[in-house]
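Novice: Structure provided below as C-alpha cells; questions to follow.
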Amino acid sequence: MGDDLAEVLYTEQQIQERLAELAGEIWRDYEGKDVLLVGVLKGAVMVMADLMRHLPGSVEMDWMAISSYGSGTKSSGVVRILKDLDTDITDRHVLIVEDIIDSGLTLSWTRSNLESRKPASLEIMTLLRKPDVVKVQIDVRYVGFDIPDEFVVGYGLDYDQQYRNLREIGLLAPHVYS
Ligand code: 5GP
Ligand code: MG
Ligand code: MG
C-alpha cells in the first residue's frame, strides 16, 4: 500500500508533532471552557482521534456525515446531511475538526448550518489546507499545514475509499490511477 505513494509529504511523526502544537494552542484558547469537537465523517476520523488525545483534559466529540453534490472530483457546495449531530450545540463552544479544505464550499455550508443553531462560539481546525480556499470567505482558526493544489491520500484521506489507513500523507503514484 505504501508503495502506491509517489512521495510522502508528511510522516507520521511530523503529523503528530504538528497536532501536539495545535492541541497546545487550542487548550490555551479554550481555557475554562467546555469544548465540543465536531468532526465531519469520514476523512476527519484520524485527525479527531489524535488531536483529541493530545489535549490534556476533558473534551467531548460528535460527528456529522454529509454528502456534497458535485461533478467529478470538485465539490459544489450543495450539501445534504446524512447523519446529524447527537448533541444540541446551542450555547456550546464548538470546534469543527477537518481533514482538508480544498474549495472550502463544503465547510462553508457546514459552518453556516451549525451557526444557525446558536453555539456560544464556532471555530474551525483543519489539518491540511489547499490554496483554492482563498476564493471563499472562511475564517479558519487552526491550520496544520498549507499544501499545494495536489491530490493527497492517507491519514484518513481516501482515493476511492482506499488509503485512509496509511499513517503518513502523500501523493499517489501515477500507476494507481491507470
Ligand atoms: P471542499 O468542499 O473544500 O472542496 O472539499 C473538501 C472535501 O473534499 C474534503 O473533506 C475531502 O473529502 C475532499 N478532498 C479535497 N481535497 C482532497 C485531497 O487532496 N485528497 C483527498 N483524498 N480528498 C480531498
Ligand atoms: Mg473532510
Ligand atoms: Mg473522499
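The values are calculated or read from the model by the stated rules, or taken from the named source; none is laboratory data. Predicted, not measured: the structure shown is a model, and the values here were computed from it. Backbone-built Cβ (ideal geometry, glycine too); neighbour counts: all protein chains shown.
Novice: Output the residues belonging to region 18-33 that are exposed (fewer than 12 other Cβ atoms within 10 Å of the Cβ) and on the phi < 0 side of the Ramachandran plot.
Specialist: First, pick out the residues of region 18-33 that are exposed (fewer than 12 other Cβ atoms within 10 Å of the Cβ): 28, 31-33.
Passing the criteria: Arg28, Glu31, Lys33.
Novice: Sticking with this structure for a sec: Name the residue that is farthest from ligand 3 (Cβ to nearest atom), counting only residues in region 153-178 that are aromatic (Phe, Trp, Tyr) and under 18 Å from the mean Cα position of the chain (by Cα). If you could, list the steps in order and put the result at the bottom.
Specialist: Filtering region 153-178 down to residues aromatic (Phe, Trp, Tyr) leaves 155, 159, 163, 177.
Those still in the list that are under 18 Å from the mean Cα position of the chain (by Cα) too: 155, 159, 163.
Values: Tyr155: 13, Tyr159: 8, Tyr163: 10 Å.
Ranking the qualifying residues of region 153-178, first place goes to Tyr155.
Novice: Now for a different question. What pairs can you find where one residue is in region 1-15 and in contact (Cβ under 8 Å) with a residue 24 or more places away in the chain, the other is assigned to a helix (DSSP H, G or I) and surrounded by 15 or more Cβ atoms within 10 Å (Cβ to Cβ), and their Cβ atoms are less than 8 Å apart, with a gap of 6+ or different chains?
Specialist: From residues that are in contact (Cβ under 8 Å) with a residue 24 or more places away in the chain, the pairs are Asp4/Val176; Tyr10/Arg18; Ile15/Asp50.
Novice: Could you list, in sequence order, the residues of region 81-136 that are surrounded by fewer than 13 Cβ atoms within 10 Å (Cβ to Cβ) and either basic (Lys, Arg) or within 13 Å of ligand 1 (Cβ to nearest atom) (or both)?
Specialist: Matches in region 81-136: Lys83, Lys118, Pro131, Val134, Lys135.
Novice: Can you name the strands (runs of 3 or more DSSP E) wholly within region 15-134 that have at least 3 residues being within 15 Å of the chain's Cα centre (by Cα) and at pLDDT 95 or above? Before the answer, list the steps.
Specialist: Values: elements: 35-41, 60-69, 78-83, 93-101, 121-129.
The qualifying strands (runs of 3 or more DSSP E) are 35-41, 60-69, 93-101, 121-129.
Novice: If you don't mind, there's one more thing I want to ask. Give me the residue from region 1-14 that is part of a helix (DSSP H, G or I) and out of contact with any strand residue (DSSP E or B) (no Cβ under 7 Å at 6 or more places or on another chain) and, out of that set, surrounded by the fewest Cβ atoms within 10 Å (Cβ to Cβ). Spell out how you get there, then give the answer.
Specialist: Filtering region 1-14 down to residues part of a helix (DSSP H, G or I) leaves 2-4, 12-14.
Going one step further and asking which of them are out of contact with any strand residue (DSSP E or B) (no Cβ under 7 Å at 6 or more places or on another chain), we end up with 2-3, 12-14.
On the way: Gly2: 11, Asp3: 8, Glu12: 15, Gln13: 10, Gln14: 15.
For region 1-14, the residue satisfying everything is Asp3.
Novice: Do the conditions hold for Val133, that is, is it of a type in the set (A, V, I, L, M, F, W, C) and within 13 Å of ligand 2 (Cβ to nearest atom)?
Specialist: Details: of a type in the set (A, V, I, L, M, F, W, C): yes; within 13 Å of ligand 2 (Cβ to nearest atom): yes.
So Val133 passes the test.
Novice: Is there a residue being more than 26 Å from Gly24 (Cα to Cα), touching a Lys or Arg at 6+ places or on another chain (Cβ under 8 Å) and among the acidic types (Asp, Glu) anywhere in region 107-130? Even if it seems obvious, please write down each step before you answer.
Specialist: The first filter runs over region 107-130 and keeps only residues more than 26 Å from Gly24 (Cα to Cα), leaving 109, 112-113, 116-118.
Now narrow it down to the ones that are touching a Lys or Arg at 6+ places or on another chain (Cβ under 8 Å): none.
No.
Novice: Condition first: in a loop (DSSP other than H, G, I, E, B), near ligand 1 (Cβ under 8 Å from one of its atoms) and surrounded by fewer than 20 Cβ atoms within 10 Å (Cβ to Cβ). Can you find one or more residues in region 156-176 that meet it?
Specialist: yes
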